[in-house]
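Peer 1: Starting off with a structure, shown below.
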Amino acid sequence: MAIADNAKTYALLIDGEEIAAATTRTVYDPSTGEPIAEVADGSAADADRAVAAAKAAFRRGDWSRITPGERAAVLFKLADVLEERADEFARVESANTGKPLKFSTAFDLPMTVDNLRFFAGAARTLEGKATGEYIGGLRSSIQREPLGVCASITPWNYPLNMAAWKIGPALAAGNSVVLKPSEYTPLTTLMLASLALEAGLPRGVFNVVPGPGPEVGGALAAHPDVALISVTGSERAGKAVMRAAAETLKRVHMEMGGKAPFVVFDDADLEAAAEGAIVGAFANCGQDCTAATRIYVQDGVMDAFLERFLRKVDRLVVGDPMDGATNLGPLVSPVQRERVHAFVERAVAAGATAARGGEIPDGPGCFYPPTVILGAEQDSEIVQNEVFGPVVCVLGFGSDEEAFEQANGTRYGLAASAWTRDVFRAQRAAREIEAGTVWINEHLAIGSEMPHGGVKASGFGNDMSLYSLEEYTAIKHVAFELTGAPRKEWYDAVSSPE
């Protein structure tokens, strides 16, 4: 299929320049299957070149050694120019990923702008422990310093937002960055890097190399000049990166997905819970690591909850992402749709029922209907594994202890929610559920000030919040000798005085 006449060609961005690659990759609109852009497909050699540029920029010091206030001014400017061009970025994001334009406009762009502004302010909060005399005759201080070159690998579900989550704290701390976006959704990340240069970011400080994960991501993970690699993606990708990173003992920061439980107790506001379940399960077509994929409903209110929930599912509109009436766009690719549908087919073959959806629709694009699975077993594949599509399983439970056991009964621990009007039960849920985030009577709400990270197989480390700055800085202890004496008493334990 020929690339559209009005489609744009995107190059790599290395050392402040657009660089052609040896090969290119066609990027498609998943709602139509039509090609929308031709993008340079990076290689391991391109990754090496980007790391060299980032290392040179870090040593040059026009970013790493300027004042925090000066870095903050550039990040604020980047947020401002992105906000000015928000409509353009939202349209490209929706065309590339298939998410509804109203979602890109209401969530992705405002959240990205807010992340950048938050970290612009956070750049001026980096501080160490107050200077003090903790060892006799010495005055000590604690400094936070940038690591050097930080590499990031971002997923295809939130390309622009995830890019901001990675570069925000890295740049605020004074690091240089090489970012590998998903080869399927690289457009807004490349646009953001160009915008950063316009905002005044020095060349080489932010480099973008899209390309195949095993080649480009693998090169970044193994590179001896990369001090940290931060990954949001699959368990498979995370394990590969950790293995490669181990050779150089670099820092790793991992967010590996989730299988979020959504626990509805018998005293919950069922209307609120049903509304929350719709948003939690089907936002971004369910392509979200924190999606409410396992809904547990307590005995006695299952029928009442399902009546409300299924009625709301029936009102969801699947269609053109650019249409304001659309609630769910397509999945990101034909491969992803086949993967999602295969999960549903195997669940039904094993005895579960698709109460809604579960069939691939006719016509172009990668559309898949909101699907509700009933009757799946707790230990079944579709309950245990991340589907990453508009598919939710509804299961029952009896006691509170059973609810917590089932909620914790997967290898993941990224996010969860509990729905109850009992303050004591809410406190128990917050304590007992194993997840990096537990919402009470809410699901999916996030803010720049709060950390995003997981436990168990969902990974470790945090994006967003001041806590993320700990990932991108090193602690240095500096001690000043105060007495001027050439010899101290404790030296006798090592050598005899003359």
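Peer 1: Please find, within region 292-320, the residue that is surrounded by the fewest Cβ atoms within 10 Å (Cβ to Cβ) out of those that are without any contact (Cβ under 8 Å) to a residue 40 or more places away in the chain and touching a helix residue (DSSP H, G or I) at 6+ places or on another chain (Cβ under 7 Å).
Peer 2: Going through the qualifying residues, I end up with Ala304.
Peer 1: Also: Name, by its number, the condition in (1) closer than 18 Å to Pro35 by Cβ; (2) in a strand (DSSP E or B) that does not hold for Ala354.
Peer 2: (1)
Peer 1: A follow-up question, please. Just to be sure I understand the filter: pairs with C-beta atoms under 8 Å, separated by 6 or more residues or on different chains, first member in region 266-277 and surrounded by 15 or more Cβ atoms within 10 Å (Cβ to Cβ), second member among the acidic types (Asp, Glu). Which pairs pass?
Peer 2: Filtered contacts from region 266-277: Asp266/Asp299; Gly276/Glu442.
Peer 1: While we're on this one: On the given criteria, is Val423 closer than 27 Å to Val335 by Cβ and in the same structural domain as Leu310 (by TED's automatic domain parsing)?
Peer 2: On the way: closer than 27 Å to Val335 by Cβ: no; in the same structural domain as Leu310 (by TED's automatic domain parsing): yes.
Against the criterion (closer than 27 Å to Val335 by Cβ and in the same structural domain as Leu310 (by TED's automatic domain parsing)), Val423 does not qualify.
Peer 1: Look at region 15-32 and say how many of its residues are within 15 Å of Leu331 (Cβ to Cβ) and either of a type in the set (D, E, K, R) or crowded, with 18+ Cβ neighbours inside 10 Å (or both). So that I can check it myself, show each step before the final result.
Peer 2: Within region 15-32, the first condition is being within 15 Å of Leu331 (Cβ to Cβ), and the residues that meet it are 28-32.
Imposing the further condition that a residue be either of a type in the set (D, E, K, R) or crowded, with 18+ Cβ neighbours inside 10 Å (or both) reduces the set to 28-31.
Qualifying residue count, region 15-32: 4.
Peer 1: Tally up the residues in region 342-387 that are under 26 Å from the mean Cα position of the chain (by Cα) and of a type in the set (A, V, I, L, M), please.
Peer 2: 6
Peer 1: Does Pro334 count as under 24 Å from the mean Cα position of the chain (by Cα) and not assigned by TED's automatic domain parsing to the domain that holds Lys456?
Peer 2: The answer is yes for Pro334.
Peer 1: Which helices (runs of 4 or more DSSP H) does region 5-103 wholly contain that include 3 or more residues that are in contact with a helix residue (DSSP H, G or I) (Cβ under 7 Å, 6 or more places away or on another chain), in contact (Cβ under 8 Å) with a residue 60 or more places away in the chain and closer than 25 Å to Gly217 by Cα?
Peer 2: 44-60, 86-97
Peer 1: Quickly run through region 242-265 and pick out the residues that are in a strand (DSSP E or B), under 18 Å from Thr290 (Cα atoms) and not acidic (Asp, Glu).
Peer 2: His253, Met254, Ala260, Pro261, Phe262, Val263, Val264 - these are the residues of region 242-265 that are in a strand (DSSP E or B), under 18 Å from Thr290 (Cα atoms) and not acidic (Asp, Glu).
Peer 1: Scan region 220-236 for residues that are at pLDDT below 95 and surrounded by 21 or more Cβ atoms within 10 Å (Cβ to Cβ) and jot them down.
Peer 2: Of everything in region 220-236, just one residue is at pLDDT below 95 and surrounded by 21 or more Cβ atoms within 10 Å (Cβ to Cβ), namely Gly233.
Peer 1: Right, something else. Can you work out which of the residues in region 380-433 that are without any contact (Cβ under 8 Å) to a residue 40 or more places away in the chain and charged (D, E, K, R) is surrounded by the fewest Cβ atoms within 10 Å (Cβ to Cβ)?
Peer 2: It comes out as Arg431.
Peer 1: So Val177 passes all but one of these: (1) surrounded by fewer than 24 Cβ atoms within 10 Å (Cβ to Cβ); (2) assigned to a strand (DSSP E or B); (3) β-branched (Val, Ile, Thr). Which condition number does it fail?
Peer 2: It is condition (1) that Val177 fails.
The values are calculated or read from the model by the stated rules, or taken from the named source; none is laboratory data. A quick note: this is a predicted structure, and the numbers were derived from the prediction, not measured. So basically every Cβ, Gly included, is an ideal-geometry build from the backbone, and we count neighbours across all protein chains shown.
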